[in-house]
Each structure stands twice: as structure tokens, then as C-alpha cells.
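One structure below.
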Amino acid sequence: MTAAQFEELEIPEAEAVLRWRFERLVHAGYDAGSALIVASHLEVDLHEAVSLLERGCPPDTALAILF
């Protein structure tokens, strides 16, 4: 989802998208603070963020790569 598409969502839908991204990131292994940061940056590819951890990348290193 692009930032432009996200901006067109109604508030409940936007909250659901952010919640889903956050929960997926926490489940993958990010701490809550890092997950919140990544989830709120829609330009960050969620699949890439999760994939980095699945491939053994430490969360701090993954954040440095993503940002």
C-alpha cells in the first residue's frame, strides 16, 4: 500500500492497517518500539522488514538497513 492509498482510507481502516503491520512485526521478532516505528513508515516494505529477521538479521541491524 502506498502512502497515497493509505491517506484515502477512513480512520478505522487506517488504524486496522497500522495495527496489522505492528502485530506482524512484533510476531516476527521486533520489540514493540521498533515495530511501532516500522509499522508507521508505510514506505518501508513490511515483507522485507520481516524477511530480514527470518534470515537471521538482528532487529537493530534490520532497522539500520530499512532506514
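The values are calculated or read from the model by the stated rules, or taken from the named source; none is laboratory data. Computed from a predicted model, the values in this text were never measured in an experiment. Here the Cβ positions follow ideal geometry from the backbone for every residue, glycine too, while neighbour counts run over all protein chains shown. For the accessible areas, the whole protein counts, side chains as well, though only heavy atoms, and no ligand, DNA or RNA atoms are used. Shrake-Rupley method; radii C 1.70, N 1.55, O 1.52, S 1.80 Å.
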Does Leu52 count as surrounded by 11 or more Cβ atoms within 10 Å (Cβ to Cβ) and assigned to a helix (DSSP H, G or I)?
-> yes
How many residues of the range 1-49 are under 23 Å from Ile65 (Cβ atoms) and not in a helix (DSSP H, G or I)? The answer is 10
Name every residue in the range 7-45 that is open to solvent by 70 Å² or more (accessible area, probe 1.4 Å) and under 17 Å from Cys57 (Cβ atoms), in order of residue number.
-> Arg24, His27, Asp31, Ile37, Asp45
Does the range 11-21 contain any residue that is over 13 Å from the mean Cα position of the chain (by Cα) and at positive phi?
-> no
